[in-house]
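The values are calculated or read from the model by the stated rules, or taken from the named source; none is laboratory data. Just so we're clear, the structure is a prediction, and the values are computed from it rather than from any experiment. Because the Cβ atoms are built from the backbone with ideal geometry, glycine has one as well, and the counts that use them run over all protein chains shown. Keep in mind that these areas ignore ligands, DNA and RNA; they rest on the heavy atoms of the full protein, side chains included. Shrake-Rupley method; radii C 1.70, N 1.55, O 1.52, S 1.80 Å.
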Amino acid sequence: MATPSFAAGAYASIQGMGAGNLMRKPLASATGAGDGPDFSSLISKALEATADAGKKSDTQTANVAAGRSDVVDVVTAVAESEAAIETLVAVRDKIIAAYEEIMRMPV
């Protein structure tokens, strides 16, 4: 069973993932548009955060196999990776639904 301090640490590490950072208001761009972030940069950040979470998970798994890490670290890394992938899939589904809705609009 997980201790309260472990749970608090896992929660804190999940808060630092990229998906949560995407919800923060970005700084004004230097181009002067000021209407918001570039959509492609948001998607790029989400993809990078998901890839980083996967790499961290792979690294922790290799460390456990080599006896240099604890299984709890692997479980935490895998959970972070899973949450990032689920978020990315949900965003992808919303983008596809929006595209399909736009394609159904009369011209």
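Can you list residues whose amide H is under 5 Å from SER69's amide H, if they're 5+ apart or on another chain and H is modeled 1.01 Å from N?
It is VAL64, by chain and number.
Measure off 7 Å from each Cα along the Cα-to-Cβ vector at ARG92 and ARG104, then give the distance between these two points in nanometres to one decimal.
The modelled label-to-label distance comes out at 2.2 nm.
On the protein heavy atoms, probe 1.4 angstrom, tell me the percent of accessible surface of segment 29-107 carried by carbon and sulfur.
Carbon and sulfur: 61 percent of the exposed surface of segment 29-107.
Suppose a student asked you for the relative contact order of segment 44-104, using Cα pairs under 8 Å spaced at least 6 residues apart; what percent would you report?
37 percent.
Highest mean first, how do 75-81, 46-52, 35-41 rank when packing is the count of other Cβ atoms within 10 Å averaged over residues?
75-81, 46-52, 35-41
If you take the square roots of the eigenvalues of the alpha-carbon gyration tensor of segment 58-107 and sort them as a ≥ b ≥ c, do you get rounded (a/c under 1.5), prolate (a/b over b/c) or oblate?
prolate
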